[in-house]
Amino acid sequence: MRFRRSMAVVIALVSGLCGCSQPDPLPVPEPAGQVWPGAFFEVPQEIKGFGDLTPVAMLDAREVLLRSRTAMLAYDRRSRRHRILAEPPADGLFGEVLSAFVGDREVVLMEGDAEISALWSIPRAGGPARLLAASIPEPGTVAGMVADGGKVVWWKYDGTSREVPLSGGEPRDSHHQELDYISRWPWGHRGEDGVVNLVTGEKRDTQAVGYGHDVRCGPEWCVSAGEDSRYESQEVVVQRLDGSDRRRVPGKIMHGGLFVGERYGVFDAPEAARDQSMIDPGGIWGDAVVVYDRCTGKTGLLDAPEPSEPSEPEVQDARSRRYPNVIRNGGDSSGILMYWKAPGDRYTVFALPDPSVGKEAACT
């Protein structure tokens with residue numbers, strides 16, 4: 001920190017000597033609880049007869065999907081009642097959920113770990129779980145998933161994607177192009193080549209945005225690091241493909257960050273809010289992250305409190321890395337759901353779209 005402060009002083013002196021204008025530093029975001037008070041609620045860490053639970057995704061404004069080894073539960077956050085949504089076939093167990101897509105009639109789940117996984121479909125109204133694909137090798141880190149056009153498509157942070165028919169079958173590559181990033185299926189981004197629709201072949205230019213500083217573009221919007229280098233920048237730039245409607249957001253672009261549906265951004269917290277970066281692409285978000293809603297312009301800081309009990313066990317991810325109490329990603333591909341441990345054997349859950357608002361108006 002002393003070195004970085006010294007560098008900041010040098011940069012300020014050089015800027016003053018050359019007459020360069022530097023944008024004012026962005027303030028630390030307000031706590032997310034003040035920005036979206038209705039987006040927070042609690043769920044149990046354990047329910048008798050089902051064992052340990054983890055939140056996965058919002059089913060609607062009231063119900064949240066909870067995963068146990070033996071069942072998928074729909075938990076009503078208001079009444080605090082639960083019902084069994086689906087059970088695995090005989091002698092089967094549900095693994096850790098890597099990604100979830102909640103559709104109108106069914107919920108698609110990718111479960112397992114970073115080395116091997118399986119794809120399930122369960123009826124939205126409840127019923128038997130149906131295995132779509134078993135033993136998917138090296139699913140890696142799933143950045144997003146969608147069920148559309150009679151198939152399930154999922155993509156990773158390296159721009160690769162695979163698909164399986166909704167009727168079930170063997171996974172296959174869904175495109176054969178080298179991409180840097182996929183933000184919203186079927187649009188992929190490849191540096192100076194711009195963005196391309198992987199189904200129709202339509203291309204859109206991104207030259208106005210540029211190619212450096214970790215630029216990631218979807219069909220309408222781009223996010224990138226600020227003018228400094230990727231690791232030194234304390235802000236994220238959000239702008240349209242043509243460079244218009246430019247906004248500055250406090251935070252850092254990191255490998256595991258998200259820009260869900262080109263609306264909800266999850267960025268590493270700036271130095272002013274937390275001393276070190278800890279976003280990890282294995283479902284661990286760190287002890288503080290910045291959440292940004294492009295449509296409303298709201299920005300909030302999520303900061304998980306330290307465990308109150310000294311004997312509180314550490315969080316462990318699928319690759320056996322251990323962390324203290326941190327913010328974890330539930331896997332919701334349609335919005336944002338994050339959670340962390342709370343007192344009394346419960347989880348605090350933060351979800352966007354805000355479940356207390358109901359259906360949000362569309363934005364462009």
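The values are calculated or read from the model by the stated rules, or taken from the named source; none is laboratory data. As the structure is a computational prediction, the values presented were derived from the model and not from experiment. Note: ideal-geometry Cβ built from the backbone for every residue, glycine included; neighbour counts use all protein chains shown.
Miscellaneous remarks
- Among the residues of segment 142-164, the ones that are over 15 Å from Ala100 (Cβ atoms), crowded, with 17+ Cβ neighbours inside 10 Å and small (Gly, Ala, Ser) come to 2 in all.
- Any hit, segment 75-96, residues being hydrophobic (A, V, I, L, M, F, W, C), touching a Ser or Thr at 6+ places or on another chain (Cβ under 8 Å), within 22 Å of Met338 (Cβ to Cβ) and buried (at least 18 other Cβ atoms within 10 Å of the Cβ): yes
- Tally of residues being surrounded by fewer than 16 Cβ atoms within 10 Å (Cβ to Cβ) and under 22 Å from Arg124 (Cβ atoms) across segment 35-60: 1
- Just one of the listed residues (Ser99, Ser121) is in contact (Cβ under 8 Å) with a residue 24 or more places away in the chain, within 23 Å of Trp187 (Cα to Cα), in a strand (DSSP E or B) and hydroxyl-bearing (Ser, Thr, Tyr), and it is Ser99.
- The number of residues in segment 211-228 that are farther than 22 Å from Ala269 by Cβ, in a loop (DSSP other than H, G, I, E, B) and either among the polar types (S, T, N, Q) or at pLDDT 80 or above (or both) comes to 3.
- Members of segment 334-361 that are farther than 16 Å from Asp60 by Cβ and either surrounded by 22 or more Cβ atoms within 10 Å (Cβ to Cβ) or modelled with pLDDT of 80 or more (or both): Met338, Tyr339, Trp340, Lys341, Ala342, Pro343, Gly344, Asp345, Arg346, Tyr347, Thr348, Phe350
- Any pair with Cβ under 9 angstrom, 6 or more apart, that starts in segment 188-203 at a residue that is on the phi > 0 side of the Ramachandran plot and among the small types (Gly, Ala, Ser) and ends at one that is assigned to a strand (DSSP E or B) and surrounded by fewer than 17 Cβ atoms within 10 Å (Cβ to Cβ): Gly194/Lys203; Gly194/Arg204
- Among the strands (runs of 3 or more DSSP E) confined to segment 165-207, the ones with at least 2 residues that are of a type outside the set (S, T, N, Q), under 22 Å from the mean Cα position of the chain (by Cα) and surrounded by 12 or more Cβ atoms within 10 Å (Cβ to Cβ) are located at 181-184, 187-189.
- Sole residue being surrounded by fewer than 18 Cβ atoms within 10 Å (Cβ to Cβ), among the polar types (S, T, N, Q), in contact with a strand residue (DSSP E or B) (Cβ under 7 Å, 6 or more places away or on another chain) and at pLDDT below 60, chosen from Ser311, Ser320, Ser277: Ser277
- Count of segment 329-338 residues which are under 15 Å from Tyr75 (Cα atoms) and assigned to a strand (DSSP E or B): 1
- Counted as qualifying within segment 37-95 are no strands (runs of 3 or more DSSP E), as none has 2 or more residues that are farther than 23 Å from Leu132 by Cα and without any contact (Cβ under 8 Å) to a residue 24 or more places away in the chain.
- Subset of segment 242-269 (residues that are crowded, with 20+ Cβ neighbours inside 10 Å and modelled with pLDDT of 85 or more): Val249, Pro250, Gly251, Lys252, Phe259, Glu262, Arg263, Gly265, Val266, Phe267, Asp268, Ala269
- Qualifying residue in segment 119-139 (condition: surrounded by 19 or more Cβ atoms within 10 Å (Cβ to Cβ) and closer than 20 Å to Thr200 by Cβ): no
- Looking across segment 27-36, just one residue is assigned to a loop (DSSP other than H, G, I, E, B) and modelled with pLDDT of 95 or more, and that is Trp36.
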